[in-house]
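Here's the structure we're looking at; comments come further down.
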Amino acid sequence: MMQMAHEDIDVERIRRDFPILGTTMNGKPLIYLDSAATSQKPIQVIDAISNYYKEYNANIHRGIYQISERATSEYIESKEKLARFINAREMAEIVYTRNATESINVVALTWGNENVKKGDHILISDMEHHSNIVPWMLLAERKGATLDYIKLDGAKAELDVQNLGEQMAKKPKIVAVTQASNVLGTINDVKTVTKMAHEVGAKVLVDGAQSAPHMKVDVRDIDCDFFVLSGHKMLGPTGIGALYGKREILEATEPLLSGGDMIRSVHHHEHTWNDLPWKFEAGTSDIAGGIGLSAAIDYLNGVGMEKVRSHEKKLVRYVIERLSQVKGVQIFGLGQDGIDKRCGVVAFKLENIHPHDVAQIFDSEGIAIRAGHHCAMPLVTETLGEGALSRLSFYIYNTESEVDAAIAAIETVRRTFKV
Amino acid sequence: MDLYAEEIISHYEHPHNKGKMDNASISLHRDNPTCGDEMTIYLNVDKDGKVSDVKFEGSGCAISMASASMMTDFVKGKSLGEVESMGVKELVELIGIDPGPARLKCATLSLRAIKEATFIYEHKPMDSSTKSL
């Protein structure tokens, strides 16, 4: 038991750092089970942003005065922290964007435009978010390339190993795959996918929107060429996300946007690019966002990513155990024996009750959950054959008693609809 | 506010006018792609320009289905002009709940389909209130 206590995170202490968790929704204490959509923010992040505006708001990289120098160093420090957080080699490999979606678009519109040619294959998977589908679909349309999908296995929970091999045999130019599914919760073995892709000469983009906030990520161990994440899903503010790219690839790639800050020199008819990562960041950056993300990374490091992961595993094990005892509930993704390959996302269906009705009744109980196709229509509507699903998703501030409240809300749904 | 009032649940469980109609004057399919509600409306219009019969088929949430059940009851016997003049205000009065912004599209799906069908039937351009449903 002493060992357990040491491994567990102090959820009650963490909860006190999140002001929103002390509020109510529809007169009930807020129970937030939608962190896969966006996480809540600790006071340390809110204060970091507010302090920047109150104490040292200035533009970065140019002011020869103290507050500008402080803003610059805080912004750069945030990139250095993020580089260490995902184990990039250096800060030069961390480009800030608005979010993971923008990061993927940047890769498709720069590296993709330069390297994908007519007749090439682009490989993604059947469990991607729209953000990791549409930019590739458009790239394929622009170039006359073919977009292929790695199919799911028979249980519709994991990538099908045999199909993965078959798709790789087509020698795609780029493979873009999620590390953790926002619907199934499946954690993919992106290291193996990357190794297979590199063997056929493909570059690899890993979508870390659902993984980076919840588990230790090591981009050098994965060996992916690009990795993307969103700050707002990992305790940071909205408006800041990141694109990691291997230095040699970013150096060889032309930037998408141009203007101030991304150039070293401009003459009337020529220019030279700035160093990485600034080459990819035209105009004034989201300075407050970077500073907020920095505080978020500090917070996560303070908790420890191993502990974040083990806390979520514990919650997922508990929610699957409870949900599977409720009559008429169908859970999607891996079961109890697959917890090691499952992140803190549990999608389910209750009889034939529409998930919007489920979510509405949860709302009246003060519980925020997501219902719909979760921006993964090819997966939800075509592969799983469902119109919509309800989804519970967890983070460091969630508790087993909140899971109990969710189960009670399901009973309320059953009573309301008399099933 | 209770969205799932007894009447809503009752119409959802036992919808009125549900089913296909052969020889309809006009049928029209509409959906809410973001939530998966989908519905086909069948209208029969008599020689006096009145809705003599109406049916709907489809699937979706309780709000969309109950609203379709009540809306089809309501428009039966109404003139096309009366149907075309209906808006959100009339819909809210009819279904007895305020769906709120998040569920408005669910509640208005049947009204939108019925109104669009009448405009198409009459070969008239749709008015702005219908377009904005």
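Values quoted throughout were computed directly from the atomic coordinates according to the rules given, and no laboratory measurement underlies them. Note that the structure is predicted; figures quoted are calculated from it, not measured. FYI the Cβ positions are ideal-geometry reconstructions off the backbone, even for glycines, and counts take in every protein chain you see.
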Could you let me know the centre-to-centre spacing of region B:17-46 and region B:60-122, using Cα atoms, in angstrom?
12 Å
Can you list the residues, at least 5 places off or on another chain, whose amide H is less than 5 Å from the amide H of A:D160, using H built in the peptide plane?
A:K151, A:L152, A:D153
Ranking A:E80, A:E281 by Cβ neighbours within 10 Å, fewest first, what do you get?
A:E80, A:E281
Within 10 Å of each Cβ of A:347-358, how many other protein chain Cβ atoms are there on average?
4
Restricted to Cα positions, what overall size does the protein assembly as shown have along the principal axes? Three whole-Å values, descending.
78, 66, 54
Between A:N301 and A:D404, how high is the FRET efficiency from 1/(1 + (r/R0)^6) when r is the Cβ-Cβ distance and R₀ = 41 Å? Nearest 0.05.
0.85
Along the dipole axis of region A:23-95 (charges at Cβ: +1 for Lys and Arg, -1 for Asp and Glu; origin at the Cα centre), the most positive-end residue among A:M25, A:A36, A:I76 is A:M25
Short version: ³J(HN,Hα) in whole Hz for each residue of region A:390-398, in order, from phi by Karplus 6.51 cos²θ - 1.76 cosθ + 1.60 (θ = phi - 60°), x for Gly and Pro, what are they?
8, 9, 9, 9, 10, 8, 4, 8, 8
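Starting from region B:1-64, pick out the trypsin sites (Lys or Arg not before Pro) whose DSSP state is loop and whose Cβ has at most 15 other Cβ atoms within 10 Å. Walk me through the numbers on the way to the answer.
On the way: sites: B:K18, B:K20, B:R30, B:K47, B:K50, B:K55; in loops: B:K20, B:K47.
Listed in order of number, the matching sites are B:K20, B:K47.
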Can you give the net charge of the other residues whose Cβ lies under 13 Å from the Cβ of A:L257, counting K and R as +1 and D and E as -1?
-2
Nearest 10 degrees, 0 to 90: what angle lies between the long axis of helix B:62-75 and the longest principal axis of chain B (Cα atoms)?
40 degrees
Please state the charge dipole magnitude for chain A, taken about the Cα centre, from unit charges on C-beta atoms (+1 on K and R, -1 on D and E), reported in debye and rounded to the nearest 20.
380 debye
If you take every DSSP beta bridge fully contained in the protein assembly as shown, what fraction is antiparallel? Give it as a percent rounded to 5.
70 percent
Going through the DSSP H helices of chain A, which span 20 Å or more along their own axis at the Cα atoms while scoring at least 1.0 as a mean Kyte-Doolittle hydropathy?
A:287-303
Let me see the P(r) profile for region A:283-346: every Cα-Cα distance counted, bins of 5 Å, each bin given as a percent of all pairs.
4, 15, 19, 14, 12, 11, 10, 8, 5, 2, 1, 0
Using modelled amide H (1.01 Å from N, peptide plane; none on Pro or chain starts), what sits under 5 Å from the amide H of A:I174, excluding residues fewer than 5 places away?
A:L123, A:K203
List every residue whose amide H lies under 5 Å from the amide H of A:I263, counting only residues 5 or more places away in sequence or on a different chain, with H placed 1.01 Å from N in the peptide plane.
A:N274
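Among A:I94, A:I240, A:I46, what is the fewest-to-most ranking by other Cβ atoms within 10 Å?
A:I46, A:I94, A:I240
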Other residues with Cβ under 14 Å from the Cβ of A:I287 give, with Lys and Arg +1 and Asp and Glu -1, a net charge of -2
Of all C-alpha pairs within region A:57-209, those more than 28 angstrom apart amount in percent to 30 percent
Ranked on Cβ counts within 10 Å of their own Cβ, fewest leading, A:E55, A:E386 go A:E55, A:E386
Once Lys and Arg are counted +1 and Asp and Glu -1 for all other residues with Cβ under 10 Å from that of A:G245, the total becomes -1
